[in-house]
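Please treat every number below as a calculation from the coordinates, not as lab data. Computed from a predicted structure; not experimentally measured. Using ideal geometry, Cβ is built from the backbone for each residue, glycine included, and neighbour counts are taken over all protein chains shown.
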Amino acid sequence: MGAQSLAAGSATVSLLRTADLSKSFGSVLATDHVSLSIEAGERHVIIGPNGAGKTSLLNQIGGQLKPTSGQILFKKRDITGLAPERICRLGIGRTFQKNNLFNRLSVLENVRLAVLARRGQPWNPYVPVTRFGALEARTVEILEQTELADRRGEPVRSLSYGEQRQVEVAIALATEPELLLLDEPTAGMSPAETAHMVGFVAQLPRTLTILMIEHDMQVVFSLADRITVLHYGRLLASGLPAEISHNAEVQRVYLGSAH
Amino acid sequence: MSERSARAAAEDLARRPLCGGWIARVIIVAALAVAPLALRDYGRGLVSEVLLFCIFAMSLDLLVGFTGLISFGHAAFFGIGAYTVAVLGAQFGLHPLLGALAAVALAGLVAAAIGFFCIRASGVYFIMLTLAFAQLLYSVSLKWRAVTGGSDGMASPQLGSGVATYYLILALFVIVYLGMHRLLAAPLGQVFVGIRENESRMRATGYATARYKVLAFVIAGCVGAIAGALFALHNGFVSPSVLFWALSGEALIMVILGGVGTLVGPIIGAAVFLLLKHVVSTITSHWELLVGATFIACVLFFKQGIYGWVRNRWLPEARP
Amino acid sequence: MQVAGFQILNGLVYGMLLFLLSAGLSLIFGLMRVLNLAHGSFYMLGAFIGLALLGWTGNYWLALLVAPLLVALLGALIEVLFLRPLYRREHGGHLDQMLLTVGFIFVFADIVRSIWGADVLGLPTPELLTGAVSFLGVFMPKYRVFIIALGLALGIALWLVIEHSGIGTKLRAGVDDADMAAGLGINVSRMFTWTFALGVGLAALAGVAAGPMLGVNVGMDVEILIVTLIVVVIGGMGSLKGALLASVLIGEADTFGKVYLPEATMFLIYLVMLGVLLFRPTGLFGLRHQ
């Protein structure tokens, strides 16, 4: 597994690094001086009880939320507080915890918008979008990759919840990221859908780095190269799955209880 | 999948039945083209007015219906269009058609400037600011008596022939419709719709939505100014009422009554609204009350508008 | 010195009127997320109903008290009958609610014009408040001092209620999270109705109070709406503090503008607004909504 070579440590490159990142909402500290490092090519999973600040962290990396203090460095470049569109263009794509799609548009139109941003001429006011063969081909390619090709004409809101989660991933992939942020990709899915999603994520190429939030421990341990545990906004522990599952504090706080 | 077959498949998907298809549209335009032969001055003038307001309503719908930006100051661009033609005609003897070109250019600049401020302060502030800016222009038109004639208004150069004006308006109506249709089918139109549907998703996908919103604002402003310029040409007289908030409100009503978010909707809305106005105004002086009441009823019970209702009933597959 | 002092206090008078209006508008938006574009219309209704009451009873104080109550009642009715059905719509129906208020601008303008005509009417100053008095070393018409006092008193009352009472706590809870508040047993619907009534009642009060000073006419609805909107944009939507600060700022700017730059007063105010927007797109104390 890739985890072994990552554990060796020496030649790995830190793709994303947060330095003392903090976010406060009034008196509530959602993110408490989190310093985290994501290695290129790894599958890094963030876990923690509800309210631990996992989504807040992802939102700060993705640009939806402005940190109060600290830094986020992506490929050595300071992206702290940049607008979401800038961060996307720099190579970070994301899915959302609650489906954040173009509900009334078709699956194809959803993904095409993302492909258009990356590869098309979005400012073009005259040529019908369907005339761009390369655009359509690339869109269909992604639809096939995410097994949504036969649902392409349907409005997203008529899809099943699991299929909508897939569209979330399709859109994120269409932006051709180097780092993919997945916010609870299997949330609300049936066991079959979950297994499907896990299989899908597992076969994504290692040129793509993945940082994901997950609750389902089976998913976590089957996908993670490294795991970070958050608790009340603080980074409790970070390391290999084996280390984490044997970490006493983590057990006490999180793994022992529930799931 | 090869590019060509992908394209063919996509076109197949996009080729959905239009409202009666293109045939109906051609027939309507043809009917409008020969109408002056059948109508006398009053009827022809009425149709001219309806058509130019159809242009105005379409331009507002680009903002409200397609990009999701509710503006309560669209009269600003109508007024810029009308006054530029009138003022340039009066001050420099400029031919109204050239005046109209200047009007569109000016409207674009003003829209870019106002848009920059209004769109930064997004959300509810946007509507407040568009109203405020439009009222500013209204006050200017009232106070700057030397140039605009103040509340007395001023004369505007015309083409000299009611028939010629009619055909000019009809031609521009068709051009604007086709242009909008093209725009909405093009990548830019898709982006506008994307912004309306889910702006945060658009941003997370790499779109600098603020820039596109300003662009929508500029396009809508320019087309709105075309309508205003045509009004000056048609009416021969321009007064501050072309900048009054009621016009912005009426434009919104036309769009919603007809069917917001479609291209045919505002056309139907403008036509119905104006025809009703002409009929009702002769019966009662409470036109404003009716407008308000209709608008309230529309928002409460008939949000999809006339065209929206027609589409849902009979053409669930249709696209605007 | 006397002149400057007079102008400063004059600005405060206008500022207080604007405060009554902007506080109401901000309150309604802050809690209900509804931009009440008919706010100026309620101001106008207050003035005309006050005028009518004054005509019937000859008693200014009665008019000042009853007109806002009547308008508040009307507001409550409108909220229940027209706004409430829209909360169920997607995203809370707030856009549709705002459009609805636009419809009411037309309706009220027509009704007022039908009953009272299109001329500017005067609202006579009450006996008690005619004449001038020395206020903070400046000779001011009694009536204007009264308005300053009225504005400050209501401002303090609002602040006390919102920040320091049970009602206020519930109000703030509703602002933060309507669903949560409902879950805690707070009757959110009723609170919305009361808030809307209070907001438009304040506007109506401003209308009656402004009558003797600014006159009463059909166009006053949108005229005052624009200035109120500018005040709220500068102060920040949803903030009482912002409304007060911005009202005074614009009140002073308008007054001094009329003295030194009479033709460009309006531009001055817009410039102030643009200036604030450049640095604070959501106003000085605005709620940061996503």
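Across the cross-link table entries A:Lys54/C:Lys241; B:Lys213/B:Lys277; B:Lys213/C:Lys241; A:Lys66/B:Lys303; A:Lys23/A:Lys98, which are compared at the Cα atoms, the separations over 27 Å belong to A:Lys54/C:Lys241; B:Lys213/B:Lys277; B:Lys213/C:Lys241; A:Lys66/B:Lys303. Remark: the B:Leu97-B:Phe301 segment gains 69.2 nm on full extension, using 0.36 nm per residue and subtracting the alpha carbon distance.
Charged neighbours of B:Tyr166, selected by a Cβ distance under 13 Å, balance to 0 (K, R count +1; D, E count -1). Under a 5 Å amide H cut-off, with hydrogens placed 1.01 Å from N, A:Glu39 pairs with A:Leu15 among residues at least 5 apart or on other chains.
So for the stretch C:13-218, what are the equivalent ellipsoid semi-axes in whole Å, largest first, each being the square root of 5 times an eigenvalue of the Cα gyration tensor? If you can, show how the numbers build up before the last one.
Working: eigenvalues 198, 93, 32 Å².
In descending order the semi-axes read 31, 22, 13 Å.
Scalar couplings 3J(HN,Hα) for the stretch A:67-77, obtained by applying the Karplus form with A = 6.51, B = -1.76, C = 1.60 to θ = phi - 60°, are x, 7, 7, x, 9, 10, 10, 10, 6, 6, 9 Hz; x denotes Gly and Pro. Along the stretch A:29-35 the Karplus relation, 6.51 cos²θ - 1.76 cosθ + 1.60 evaluated at θ = phi - 60°, assigns HN-Hα couplings of 9, 6, 10, 10, 6, 8, 10 Hz to successive residues, with x for each Gly and Pro.
Think of chain B as having a plus end and a minus end, set by charges on the Cβ of Lys, Arg, Asp and Glu; of B:Leu263, B:Ala75, B:Gly149, B:Leu263 sits farthest toward the positive end of this dipole.
Fewest first, what order do C:Glu252, C:Glu90 take by the number of other Cβ atoms within 10 Å?
C:Glu90, C:Glu252
Seen through its C-alpha gyration tensor, with square-root eigenvalues sorted a ≥ b ≥ c, the stretch B:54-189 comes out oblate because a/c lies at 1.5 or above while a/b is not bigger than b/c.
Taking 37 °C and 0.692 mPa s as conditions, chain A diffuses translationally at an estimated 172 µm²/s according to Stokes-Einstein applied to its Kirkwood radius (Cα pairs).
How would you rank A:243-251, C:131-139, B:198-206, A:64-72, highest first, on the average number of other Cβ atoms within 10 Å across their residues?
Values: A:243-251: 15.2, C:131-139: 12.6, B:198-206: 22.6, A:64-72: 17.7.
Final packing ranking: B:198-206, A:64-72, A:243-251, C:131-139.
Here the simple spin-label model places points 7 Å from the Cα toward Cβ, and for A:Ser69 and B:Ile23 these points are separated by 7.3 nm. Suppose we keep just the DSSP beta bridges with both residues in the protein assembly as shown; what percent of those would be antiparallel, to 5? About 65 percent, rounded to the nearest 5.
The Cα atoms of the protein assembly as shown cover 89, 74, 46 Å along the three principal axes, with the biggest extent listed first. Using the alpha carbons alone, the radius of gyration of chain B stands to its Kirkwood radius in an Rg to Rh ratio of 0.97.
Using packing as a proxy for protection, rank C:234-241, B:208-215, A:157-164 so that the peptide with the highest average count of other Cβ atoms within 10 Å comes first. Please report the intermediate quantities before stating the final value.
Working: C:234-241: 23.8, B:208-215: 19.4, A:157-164: 15.1.
Going from most to least packed, we get C:234-241, B:208-215, A:157-164.
A cut-off under 12 angstrom between Cβ atoms defines the neighbours of A:Ser35, and their net charge, with Lys, Arg +1 and Asp, Glu -1, is 0.
Where Lys and Arg each count +1 and Asp and Glu each count -1, what net charge lies around C:Leu21 among other residues with Cβ under 15 Å from its Cβ?
Values: positive: none; negative: C:Asp221, C:Glu223, C:Asp254.
Once positives and negatives cancel, what remains is -3.
For the residues of B:295-307, the average number of beta carbons from a partner chain within 10 Å of their own beta carbon is 4.
When Cβ neighbours within 10 Å are restricted to other protein chains, what is their mean count per residue of peptide A:113-123?
Counting Cβ atoms of other protein chains within 10 Å of each residue's Cβ and averaging gives 6.
Shielding of B:206-219 by partners, i.e. mean partner chain Cβ atoms within 10 Å per residue? Each step should come with its number before you reach the end.
Details: counts 18, 9, 7, 3, 2, 2, 2, 0, 0, 2, 0, 0, 0, 1.
So the per-residue partner count for this stretch is 3.
Over the stretch B:3-242, what is the relative contact order in percent, taking alpha-carbon pairs closer than 8 angstrom and at least six residues apart? Please report the intermediate quantities before stating the final value.
On the way: 311 pairs, mean separation 91.7, N = 240.
Normalised by residue count, the contact order of the stretch B:3-242 is 38 percent.
The label-point distance for A:Lys98 and C:Leu136, in a model that sets each label 7 Å from Cα toward Cβ, rounds to 4.7 nm. Comparing mean-square fluctuations of A:Asp32, A:Asp225, A:Asp78 from a GNM of chain A with C-alpha springs under 10 Å, the top value falls on A:Asp78. Computed from backbone phi, the HN-Hα couplings of the stretch B:253-267 come to 5, 4, 5, 6, 4, x, x, 6, x, 10, 8, 6, x, x, 5 Hz, rounded to whole numbers (Karplus: 6.51 cos²θ - 1.76 cosθ + 1.60, θ = phi - 60°; Gly and Pro given as x).
Please compute the length gained on full extension between B:Ala164 and B:Ala105, using 0.36 nm multiplied by the number of residues separating them and subtracting their Cα-Cα distance.
Full-extension gain reported as 18.9 nm.
Using a Förster distance of 30 Å, how high is the FRET efficiency between C:Leu261 and C:Leu152, based on the Cβ-Cβ distance and rounded to 0.05? Once rounded, the FRET efficiency stands at 0.60.
How would you rank A:15-23, C:200-208, B:59-67, highest first, on the average number of other Cβ atoms within 10 Å across their residues? Write out the running numbers ahead of the final one.
Working: A:15-23: 19.8, C:200-208: 29.7, B:59-67: 26.2.
The most tightly packed comes first, giving C:200-208, B:59-67, A:15-23.
Taking the Cα centre of the protein assembly as shown as reference, the dipole from Cβ charges on Lys and Arg (+1) and Asp and Glu (-1) amounts to some 680 debye. Rounded to two decimals, the Cα radius of gyration of the stretch C:195-290 over 2.2 N^0.38 Å is 1.13.
Principal-axis analysis of the Cα atoms of chain C puts helix C:94-116 at an angle of about 40° to the longest axis.
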